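The values are calculated or read from the model by the stated rules, or taken from the named source; none is laboratory data. All of these numbers come straight from a predicted model, not from anything done at the bench. Methodologically, a virtual Cβ is constructed for each residue, glycine included, from the backbone with ideal geometry; neighbour enumeration extends over all protein chains shown. When the accessible area is computed, the model is the full protein with side chains, heavy atoms only, and any ligands, DNA or RNA have been set aside. Shrake-Rupley method; radii C 1.70, N 1.55, O 1.52, S 1.80 Å.
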Amino acid sequence: MPLSGCCNRLPQGPDRPAFDAASSGQQAVSLYDKDSNGQISLEEAKACPALEMAFPRVDKNADSALSAAEIADRITYFQTADTTIITGATEVKLGDTPLSGATVTFEPESFMGPEFKPCTGVTDEQGIAYVSGHDAKFPGIYLGFYRVRISKEVEGKETVPARYNSESELGYEATDDIPEINNIIQFHLEP
């Protein structure tokens, strides 16, 4: 599970992806509103770990549910923030051991739209990866909601539990407005 996150701010970055925040908010509700009441409860948000992580920031009226309008407001923030992308290191540990040689993928939630592309990095001996993919000139990831997948194959066999890759329970809200941010996004995985 992510313990902390975020990163350095670049003075300027690539062009922002083009998409419709209102449409993205409606798509998110369509995907995760399992009881069809027009909102995403905290329990329903568990199916989208990035929304679960961001729940306190997105739930502006504090009614313990996310509306399409609240999600759209958050995505509008991503579009208008001073920062376009975040950079920095991603640290992965399996148990108490740094996980080297693992591929870390930040996969945009589908409701973010087709302009968002996955970003990847491979961990070194200390379990540190530098993620890139949107633009080779600007490493990092666009502000937005991501499903995180961590995978390491040895001799054709996956060594990381499925709940962190093919059935990932990991998510991340890439943003620049979390007060307790630092330069490392941390994932401490349980074997």
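Among residues belonging to segment 42-82 that are among the polar types (S, T, N, Q) and touching a helix residue (DSSP H, G or I) at 6+ places or on another chain (Cβ under 9 Å), point out the one that is least open to solvent (accessible area, probe 1.4 Å). Per the criteria, the residue is Ser67. Here Glu125, Glu153, Glu169 are screened, and the one residue that is under 22 Å from Ser24 (Cα atoms), at pLDDT 95 or above and open to solvent by 70 Å² or more (accessible area, probe 1.4 Å) is Glu169.
Residues checked against (1) hydroxyl-bearing (Ser, Thr, Tyr); (2) surrounded by fewer than 18 Cβ atoms within 10 Å (Cβ to Cβ); (3) more than 19 Å from Ala47 (Cβ to Cβ):
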| position | (1), (2), (3) |
| --- | --- |
| Tyr130 | yes, yes, yes |
| Leu143 | no, no, yes |
| Tyr146 | yes, no, no |
| Arg149 | no, no, no |
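Counting only residues that are surrounded by fewer than 22 Cβ atoms within 10 Å (Cβ to Cβ), out of contact with any Lys or Arg (no Cβ under 8 Å at 6 or more places or on another chain) and closer than 11 Å to Val131 by Cβ, segment 88-118 holds 3 of them. Within the bounds of segment 64-82, is there any residue that is under 23 Å from Tyr130 (Cα atoms), over 16 Å from the mean Cα position of the chain (by Cα) and not β-branched (Val, Ile, Thr)? There is at least one residue in segment 64-82 that is under 23 Å from Tyr130 (Cα atoms), over 16 Å from the mean Cα position of the chain (by Cα) and not β-branched (Val, Ile, Thr).
Has segment 177-186 got any residue that is at pLDDT 95 or above, β-branched (Val, Ile, Thr) and assigned to a loop (DSSP other than H, G, I, E, B)?
no
One residue stands out in segment 8-24 among those that are buried (at least 17 other Cβ atoms within 10 Å of the Cβ) and within 20 Å of Val148 (Cα to Cα): the one that is modelled with the lowest pLDDT, namely Pro17.
Output the qualifying pairs, or none if there are none: Cβ atoms under 6 angstrom, residues six or more apart or on different chains, first residue in segment 77-98 and of a type in the set (Lys, Arg), second residue open to solvent by 50 Å² or more (accessible area, probe 1.4 Å). So the pair list comes out as Lys93/His188. Criterion applied to Pro139, Pro108, Pro114, Pro118 was being in contact with an Asp or Glu (Cβ under 7 Å, 6 or more places away or on another chain) and over 17 Å from Gln186 (Cα atoms), and the one residue passing it is Pro118. Looking at segment 117-126, can you tell me whether even one residue there is basic (Lys, Arg), out of contact with any helix residue (DSSP H, G or I) (no Cβ under 9 Å at 6 or more places or on another chain) and over 20 Å from Asp20 (Cβ atoms)? Looking for residues that are basic (Lys, Arg), out of contact with any helix residue (DSSP H, G or I) (no Cβ under 9 Å at 6 or more places or on another chain) and over 20 Å from Asp20 (Cβ atoms), one finds none in segment 117-126, hence no.
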